[in-house]
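Quick note: the coordinates plus some simple rules give every number you see, no bench work behind them. This structure is a prediction, so every number in the text was calculated from the model and none was measured. As a convention, Cβ positions derive from the backbone with ideal geometry for all residues, glycine included, and neighbour counts pool all protein chains shown.
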């Protein structure tokens, strides 16, 4: 496995692989790798001859300095995990390599970034789209793989990639969960035992909403109210948002007339958790 820390050597590696006729798949991460990331690596391996994992905690997508500073950075562990997963190259640049002195450019997607996490975290998606653009230019992949847990991020990256003619296939992979339903996340390791138990209210809320849709409820307000009630019953949890959105446009929906995305953001013990579920009414086979 090759480890690269600067954009020019990363580009040279990618150019050589592509010149040899090999497809490259990129899995962008912020490290602290877990089984969810390994599912992305496995999908990348199915789609390309060479797999690159990027490991970079991106400072410009954090709106709170303390959140950035507390984000786990076990790089040595991440490199061992990547080697065990037969990753071909790890791109682990420093902040100085990504944003050298005088850096002043940005990439921004408009409407898709406005609701949900975009409303709660000003500038977050501008940081995401800027760093992903730089990763795409460094790694020059044919395909890039992202998790559906960060559904809005996936939608934004797809829009940016299409709008700016990157020519990169964007693949989403279903959320990997713990046995109790909690979505795997690098942030989970910051939860104490009591908060970890409380965090189970997030998948329970999604399950409850799916149950009422299966039972015939179509009013978005009633579906959201069911999820909100589950979160509200957990004293250690604080709801940031629970919203039902169109899965393509992320526009708010008032009725579950077809597949609808229920997106949640919940604070537990100072840790912000996001999750989502596609709610499909009975008889809709889309």
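You can think of it this way: the chain between residue 3 and residue 280 has 95.4 nm of extra reach, that is 0.36 nm per residue less the Cα-Cα gap. Between the beta carbons of residue 174 and residue 104, assuming R0 = 35 Å, the FRET efficiency works out to 0.40 to the nearest 0.05.
Between residue 194 and residue 46, the modelled label-to-label distance comes to 4.2 nm, taking each label 7 Å out from Cα in the direction of the beta carbon.
Rg and Dmax over the alpha-carbon atoms of the range 186-278 stand at 13.3, 40 Å. For the chain, the mean residue ellipticity at 222 nm estimated from helices alone is -11500 deg cm²/dmol, where every DSSP H run of n ≥ 4 contributes -39500 (n - 2.57) and the total is divided by all residues, rounded to the nearest 500.
Listed by Cβ neighbour count within 10 Å, with the fewest neighbours leading, 53, 280 appear as 280, 53. As a length-normalised measure over Cα pairs under 8 Å and 6 or more apart, the relative contact order of the range 2-173 settles at 30 percent.
I need 186, 94, 105 ordered by Cβ neighbour count within 10 Å, fewest first.
105, 94, 186
Summary of the geometry: the range 158-220 and the range 38-112, compared by the centres of their Cα atoms, lie 20 Å apart. Round to the nearest 10 and give me the degree value, 0 to 90, for the angle of helix 124-139's Cα axis relative to the longest principal axis of the chain. In the chain, helix 124-139 runs at an angle near 30 degrees to the longest axis. Put in order of Cβ neighbour count within 10 Å, fewest first, the listed residues 157, 231 become 231, 157.
Looking at the chain, what % of the alpha carbon pairs are farther apart than 35 Å? When all Cα pairs of the chain are counted, 19 percent exceed 35 Å.
Sequence gap at least 6, Cα distance under 8 Å: using those rules, report the relative contact order of the range 186-278 to the nearest whole percent.
Working: 150 pairs, mean separation 27.6, N = 93.
Worked out over the range 186-278, it gives 30 percent.
Report, to the nearest 10°, how far helix 201-214 tilts away from the longest principal axis of the Cα atoms in the chain, using its own Cα long axis and a range of 0 to 90°. The two axes meet at around 60 degrees. By how many degrees, 0 to 90 and rounded to 10, does the Cα axis of helix 220-232 deviate from the longest principal axis of the chain? Long axis of 220-232 versus the principal axis of the chain: about 80 degrees.
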